[in-house]
Every structure is written in C-alpha cells, then in structure tokens.
Amino acid sequence: MLNFIWLALIVISIVVGALNGRIEAVNQAAFEGAKTGVTVCFGLLSILAFWMGMMRVAEKAGLLEGLARLLSPIIGRLFPDVPKGHPALGYILSNMSANLLGLGNAATPMGLKAMEELQKLNPDKQKATPAMCTLLAINTASITLIPTTMIAIRIQYGSANPVEIVGTTLLASFGATLVALALDRLYRHRYKRKTR
C-alpha cells in the first residue's frame, strides 16, 4: 500500500509541475532530494556503525547480559504468558536494549525474531496474542536513553549542540512508554473479561 502512496505522490508532483510549466523545478528537487538522502545516509551509517560496535563490545563484556538480568523481572511481569527461558524473551531483551540506546535499526531484527518466537506460542495464528501486542506497544513507544539517530542527523546538519535533545527525548519516550503500557494493560484486562 505504501508503494502506491509514494507512486501517487511522485506522479501527482510531476503532473502538477508539468501543468504549471515548472517541470525543471520538479527535476531539480528530485536530484536535490536524492543528494540529501545519500548525504544523510552516510552520516547515519557512521553513527550506527559506531553504536553497533559499542553494543558488540558491551555484549562481549557481559554488559548486555547484566542489563538482561536487570530487566528480566520487568520482562516477566510484562509478558506473564511467555514461559520462562523461552527464546522470545531473549529477543525481547535484545530489542529493548537496542531501543534504550536509540538503535531502532538494530532493534528491528530482534523485534521481528521475538514476534516469530511469540507466534510459535500462539494457539490462533490469525490473531495477535496479548504478548505480541505488549511487545508492539513497548517497541513503538520505547524509552530511549541515547537518541543516536537524531544526534547523528543533528550533527549532519551542523547543530551547535546535537546532544541537547537527550533530556527531552528521555522524558518524552518515558511518558510514551508509560501511556503505551497503561493502554496495553487496559486492553489486556478487557480482553480477559470478554473471553471469560
């Protein structure tokens, strides 16, 4: 569906540009956008490579395992229907760790693997389980300690103080996570009452 939306936007901009006699401006904007996209990607690539490397060092040093132990009581309460020691919990912890460091691109594969493992526990393959909904809520809102992607973009565009957003990002993501978890619990409670 998203492909059709993008295609429609491109076609509409070309048609409107042609009708207004400004097709050259559309062409120039397309090339400027492509140039900016490549520039931003290279900037993000270096920052993501750095943080992925740091995450690998943290993993080898046992810091991620320590973080997993620290978060495991919380995970147990958030996902009570997932058996202890199930592989999904490991993927969920990795996903949450990557999100805490602002590495959304690194968190995505772990989130997908967690969903695959949760689907194996799903008795009705056509419906999402409460655990799947909780993971989606947490992954979408996710508390972010270090917004690395946004810092990288701000560095790329010459921000005087690219890390000044850390406090507000932490506050906003913490609030979003609390709201997401509250709504998740509310709907989980309603679902349980409805199925009784």
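The values are calculated or read from the model by the stated rules, or taken from the named source; none is laboratory data. This one's a predicted model, so the numbers in the text were calculated from it and none came from an experiment. In this analysis, Cβ positions are derived from the backbone assuming ideal geometry, glycine residues included, and neighbour counts consider all displayed protein chains. In case anyone asks, the SASA skips ligands and DNA or RNA and just uses the protein heavy atoms, side chains included. Shrake-Rupley method; radii C 1.70, N 1.55, O 1.52, S 1.80 Å.
The table below lists the values:
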| quantity | calculated |
| --- | --- |
| Filter pass, Arg154 being assigned to a helix (DSSP H, G or I), open to solvent by 70 Å² or more (accessible area, probe 1.4 Å) and without any contact (Cβ under 8 Å) to a residue 24 or more places away in the chain | no |
| Scan of segment 112-139 for residues that are out of contact with any Ser or Thr (no Cβ under 9 Å at 6 or more places or on another chain) and in a helix (DSSP H, G or I), ordered by number | Leu112, Met115, Glu116, Glu117, Lys120, Pro130, Ala131, Met132, Cys133, Thr134, Leu135, Leu136 |
| Selection count where residues are open to solvent by less than 30 Å² (accessible area, probe 1.4 Å) and acidic (Asp, Glu), scope segment 91-128 | 1 |
| Any pair with Cβ under 6 angstrom, 6 or more apart, that starts in segment 50-75 at a residue that is part of a helix (DSSP H, G or I) and ends at one that is surrounded by 11 or more Cβ atoms within 10 Å (Cβ to Cβ) and modelled with pLDDT under 70 | Ala58/Leu64 |
| Every pair of residues 6+ apart whose Cβ atoms lie under 6 Å, when the first sits in segment 169-185 and is touching a residue at least 12 places away in the same chain (Cβ under 8 Å) while the second is in a helix (DSSP H, G or I) | Ala176/Ala141; Thr177/Ala141; Ala180/Ala137; Ala180/Ala141; Asp184/Thr134; Asp184/Ala137 |
| Per-region count, segment 1-46, residues among the basic types (Lys, Arg) and exposed (fewer than 12 other Cβ atoms within 10 Å of the Cβ) | 1 |
| Out of Val166, Val179, sole residue that is of a type in the set (A, V, I, L, M, F, W, C), open to solvent by less than 60 Å² (accessible area, probe 1.4 Å) and either farther than 30 Å from Val40 by Cβ or within 18 Å of the chain's Cα centre (by Cα) (or both) | Val166 |
